[in-house]
Amino acid sequence: MYVYDDYDQRIVDQRVTQFRDQTRRYLDGQLTEEQFLPLRLQNGLYVQRLAPMMRIAVPYGLLNSAQLRKLAHITRHYDKGYAHVTTRQNFQLNWPQLEEVPDILEELANVQMHAIQTSGNCIRNTTSDEFAGVARDEIEDPRPYCEIIRQWSTFHPEFAFLPRKFKIAVCGSLEDRATIHSHDIGVELVPNEEGVIGFKVLAGGGLGRTPMIASVITEWIEKRHLLTYLEAILRVYNLHGRRDNKFKARIKILVKAMGVEAFREAVEKEWLTLKDGPSTLPEDAIEQAKSFFTDPAYETIDGSSAEAALAAQAERDPIFGNWLKRNTVEHRIPGYQAVTLSLKRTGDAPGDVSDRQLELIADLADKYSFGQARTTHQQNMVLADVRQQDLYALWQELQAAGLATANIGYLTDIIACPGGDYCSLANAKSLPVAEAIQARFDDLDYIYDLGPLELNISGCMNACGHHHIGQIGILGVDKKGEEFYQVSLGGNQYKDASLGKILGPSFKQDDMPEVIEKILSTYVDLRTEEESFLDTYKRVGITPFKERVYAKAD
Amino acid sequence: MPKLIKGAEIVNDERWKAPQPDAETVSEGVICTLAQWQALDDKAGSAVQLEPGDDVHSLLPHLQEIELIAVNFPVFTDGRGFSYARELRENGYQGELRAVGAFIRDQLHYLSRVGFDAFQLEDESQLEAAIKSLEDFSVHYQASISHPLPLFRRRS
């Protein structure tokens with residue numbers, strides 16, 4: 001993974017000094033509330049319903065064990081002993097004290113971490129594939145380019161006061177595990193006709209109040225042009241994005257208003273002045289970034305005998321076998337497997353992880369996965385490089401710590417924002433709905449029979465819980481002061497991305513498990529043998545679901 | 001007469017007065033609005049103030065003649081002025097580029113990086129303390145007007 005040199009360290013250290021002074025001036029009354037707002041936001045600090053809330057950046061979801069232990073310490077010392085994995089692969093603290101935030105930032109800087117630009121109207125943490133570097137369907141490892149984008153976007157002086165927040169994701173594989181279609185900019189590593197790998201660049205995707213799928217701005221550019229092309233897009237947005245209405249300020253609204261053709265033309269025109277300028281990436285800069293993401297010291301393992309041994313273990317212990325099937329994926333190196341640690345145990349808020357669990361994950365990473373771990377945008381964690389012969393021992397330790405719920409990719413692997421329990425923007429709570437659904441569908445055989453299914457919950461239309469791209473999406477809405485939930489079906493976060501369609505009038509919280517039950521039974525009744533939920537939905541449309549859910553009781 | 005930060009010092013601006021948008025003719029020593037400036041027959045030695053939303057491209061053919069370009073920040077969170085500055089410098093503007101309006105001292109470092117070299121803060125009592133903010137960071141990742149080589153070109 002990327003390791004700071006003196007330059008990187010100086011940058012985060014100077015940031016701590018700067019923010020310490022800004023906090024002091026705010027507390028002394030020298031900075032107004034209004035002036036302090038963007039400054040604290042760009043250091044990850046929100047002020048929320050109950051307390052300040054702080055987002056800590058995990059660049060493209062990659063962490064080492066020392067960083068995990070530091071996070072555990074921070075949650076214990078400055079917070080209530082747990083953290084929350086967000087859909088931008090960051091960690092969120094729910095109870096820090098404003099006065100202590102500079103100290104938290106200093107602790108983070110000591111392990112090469114920060115909270116820079118995790119909030120505010122600026123370029124946010126770049127996200128990527130949690131299986132980057134190990135996935136079998138990878139065209140090229142996206143992480144070196146994520147790191148190049150991280151550095152470029154950190155304190156970019158031109159783009160720190162954009163019309164609105166700005167999110168970039170990078171995908172380097174055949175399957176899109178980074179939801180690039182719902183980002184302000186999506187970058188995809190693709191070969192051109194000659195087989196040379198470069199970037200396809202999309203813009204104008206986003207969720208929130210006006211969800212949109214991104215448009216292709218260029219089908220292919222050479223790698224060296226990555227940053228100048230991004231700058232051209234950002235400049236067009238900074239100059240022309242709407243600033244009169246917060247709800248119409250994202251780049252997606254600009255792309256739609258201008259039309260993709262005109263937007264592309266404006267970008268290409270701006271690009272002419274930037275192209276081949278100082279931000280052009282020389283080959284050695286790309287090589288230098290790549291040098292941080294080389295293979296760890298994999299052993300040469302006879303894949304087929306490791307597989308056979310594993311199959312025997314799975315047969316002896318079906319509970320292990322089940323976990324193996326659901327929570328691990330194949331690895332490009334024979335004898336290895338990538339493991340997802342489920343943060344979706346019923347009773348825990350989706351994505352929450354305790355200080356003890358963080359420390360255990362650090363230990364397990366050291367023991368089994370070259371000292372590294374990852375966060376996922378589905379709010380789980382990953383150990384990406386585990387020997388197959390270690391999987392059984394790892395599973396036992398995970399099980400004891402409540403991290404082995406075998407539900408990855410299934411109904412109860414719910415994505416949910418913190419919702420009305422914590423967030424002052426929320427119209428409704430998310431967490432009790434997630435828990436009620438997890439409790440209702442606790443029969444693993446039933447959820448496996450349903451097949452892979454994504455259920456996403458947002459407590460308001462800002463859509464932090466990605467409800468638009470959930471195959472089943474749930475949105476909290478406020479109706480005359482009461483919390484209601486709107487359901488949508490058919491969202492899809494992958495390369496053939498689509499947005500969910502609203503089922504009909506919204507429901508009370510208590511009715512939600514029953515509503516989900518009816519949707520699922522409709523699917524079970526109508527599916528053909530091989531059909532997933534999404535397949536059936538695409539074939540039969542929304543009507544049969546609607547009829548079942550809204551049918552009057554006889 | 002307004003006080004400015006220029007070259008990391010506080011100076012009095014004896015040369016230029018704030019724009020008078022309603023004046024029919026622009027007096028000597030007054031900064032023009034963009035519309036007034038466009039109407040000037042002779043742009044040599046002129047001074048113009050850009051507002052958010054103004055078309056910066058209309059200045060480009062005359063950059064060698066203009067003596068001062070002021071960029072107004074009516075609210076400090078409107079970041080269009082940062083792009084105006086960079087575009088003007090990228091296109092070869094060498095004269096004074098002055099930030100005016102409601103920007104705050106915590107933005108000085110970014111402002112100087114995109115090419116501003118004069119800063120007229122609304123609250124003049126803040127000037128002395130604000131000078132320090134110019135030096136908030138001693139190293140930067142990306143290319144900018146003040147440091148044209150990005151870190152990746154200096155590292156490798």
Next item on the list: Report, please, the projected area of the range A:143-292 averaged over directions, based on the convex hull of its C-alpha atoms, in nm².
Entry: 9.1 nm²
Notebook entry, point to check: With every protein chain left in place, what is the accessible area of A:Met258 in Å² (1.4 Å probe, nearest 10)?
Noted result: 70 Å²
Next item on the list: Run the numbers on the range A:303-400 and let me know its relative contact order in percent, using alpha-carbon pairs under 8 Å that are six or more apart.
Entry: 29 percent
Next item on the list: Quick one: net charge around A:His468, please, counting Lys, Arg +1 and Asp, Glu -1 for every other residue with C-beta under 11 Å from its C-beta.
Entry: +2
Item checked: Inter-label distance for B:Asp42 and A:Arg136, nm, one decimal - labels placed 7 Å from Cα along Cα-to-Cβ -> 7.9 nm
Next item on the list: Report, largest value first, the span of the C-alpha coordinates of the protein assembly as shown along each principal axis, in whole Å.
Entry: 91, 63, 58
Checklist line | Estimated Rh, the range B:3-155: Kirkwood, alpha-carbon pairs, angstrom | finding: 16.0 Å
Notebook entry, point to check: For chains A and B, what's the summed buried accessible area, probe 1.4 Å, to the nearest 100 square angstrom?
Noted result: 3700 Å²
Next item on the list: Give the shape of the range A:204-314 as rounded, prolate or oblate, defined through the alpha-carbon gyration tensor: a ≥ b ≥ c are the square roots of its eigenvalues, a/c under 1.5 means rounded, and otherwise the shape is prolate if a/b is larger than b/c and oblate if not.
Entry: oblate
Next item on the list: Whenever you get a sec, compute what percent of the accessible area on chain A sits on carbon and sulfur atoms (1.4 Å probe).
Entry: 50 percent
Notebook entry, point to check: For chain A, can you list the cysteines whose C-beta has no other cysteine C-beta under 4.7 Å from it?
Noted result: A:Cys122, A:Cys146, A:Cys171, A:Cys423, A:Cys460
Check: Which value, in Å² rounded to 10, gives the accessible area of A:Glu219 with a 1.4 Å probe and all protein chains present?
Finding: 120 Å²
Checklist line | Accessible surface of A:Ile502 - all protein chains present, 1.4 Å probe, nearest 10 Å² | finding: 90 Å²
Check: To the nearest 500 deg cm²/dmol, what mean residue ellipticity at 222 nm is calculated for chain A from DSSP H runs of n ≥ 4 alone, each contributing -39,500 (n - 2.57), summed and divided by the residues?
Finding: -11500 deg cm²/dmol
Margin query: Can you tell me the length gained on complete extension of the stretch A:Lys518 to A:Arg356, counting 0.36 nm per residue apart and subtracting the Cα distance?
Written below: 54.5 nm
Checklist line | Chain-alone versus full-assembly comparison, the range A:149-166, residues with accessible loss of at least 30 Å² (1.4 Å probe) | finding: A:Gln151, A:Phe155, A:Pro157, A:Glu158, A:Phe161
Check: Rounded, prolate or oblate: which one fits the range A:415-550, using the alpha carbon gyration tensor with axes a ≥ b ≥ c (rounded when a/c is under 1.5, else prolate when a/b beats b/c, else oblate)?
Finding: prolate
Item checked: Inter-part distance where the range A:379-406 and the range A:1-29 are each reduced to a Cα centre, Å -> 36 Å
Checklist line | Base-10 log of normalised Debye intensity for the range A:303-400 (one unit scatterer per alpha-carbon) at q = 0.22 Å⁻¹ | finding: -1.20
Notebook entry, point to check: Are there residues in the range B:66-91 whose accessible area shrinks by at least 10 Å² when all protein chains are included rather than the chain by itself, and which are they (probe 1.4 Å, ligands and nucleic acids not counted)?
Noted result: B:Phe76, B:Thr77, B:Asp78, B:Gly79, B:Arg80, B:Phe82, B:Ser83, B:Tyr84, B:Arg86, B:Glu87, B:Glu90, B:Asn91
Checklist line | Distance from the range A:132-170 to the range A:69-112 (C-alpha centre basis), Å | finding: 22 Å
Next item on the list: Calculate the all-directions average of the projected area of the range B:1-73's alpha-carbon convex hull, and give it in nm².
Entry: 5.4 nm²
Checklist line | 21 Å tail of the calculated P(r), the range A:6-110, as % of Cα pairs | finding: 33 percent
Check: When the accessible area of chain B is split by element with a 1.4 Å probe, what percent falls to carbon and sulfur?
Finding: 48 percent
Next item on the list: Take the alpha-carbon centre of the range B:19-64, take the same for the range A:450-464, and report the distance between them in whole Å.
Entry: 53 Å
Checklist line | Mean projected area (nm²) of the alpha-carbon convex hull when the range B:70-156 is viewed from all directions | finding: 5.7 nm²
Next item on the list: Determine the per residue accessible area of the protein assembly as shown with all protein chains present and a 1.4 angstrom probe, expressed in square angstrom.
Entry: 39 Å²
Notebook entry, point to check: Taking only Cα atoms, what is the 0 to 90° angle, nearest 10, from helix B:80-90's long axis to the longest principal axis of chain B?
Noted result: 90 degrees
Next item on the list: Among the listed pairs A:Lys167/A:Lys546; A:Lys248/A:Lys508; A:Lys256/A:Lys546; A:Lys367/A:Lys495; A:Lys479/A:Lys501; A:Lys275/A:Lys495, give every one whose C-alpha distance is greater than 24 Å.
Entry: A:Lys167/A:Lys546; A:Lys248/A:Lys508; A:Lys256/A:Lys546; A:Lys367/A:Lys495; A:Lys275/A:Lys495
Note to self: If you consider only alpha-carbon coordinates, what radius of gyration and Dmax does the range A:355-451 have, in Å?
What the structure shows: 15.7, 48
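The values are calculated or read from the model by the stated rules, or taken from the named source; none is laboratory data. Bear in mind that the values here come from a model prediction, so they are computed numbers and not experimental data. Positions of Cβ are backbone-derived with ideal geometry, glycine not excepted, and every protein chain shown enters the neighbour counts. The accessibility values were calculated without ligands, DNA or RNA, using every heavy atom of the protein model including side chains. Shrake-Rupley method; radii C 1.70, N 1.55, O 1.52, S 1.80 Å.
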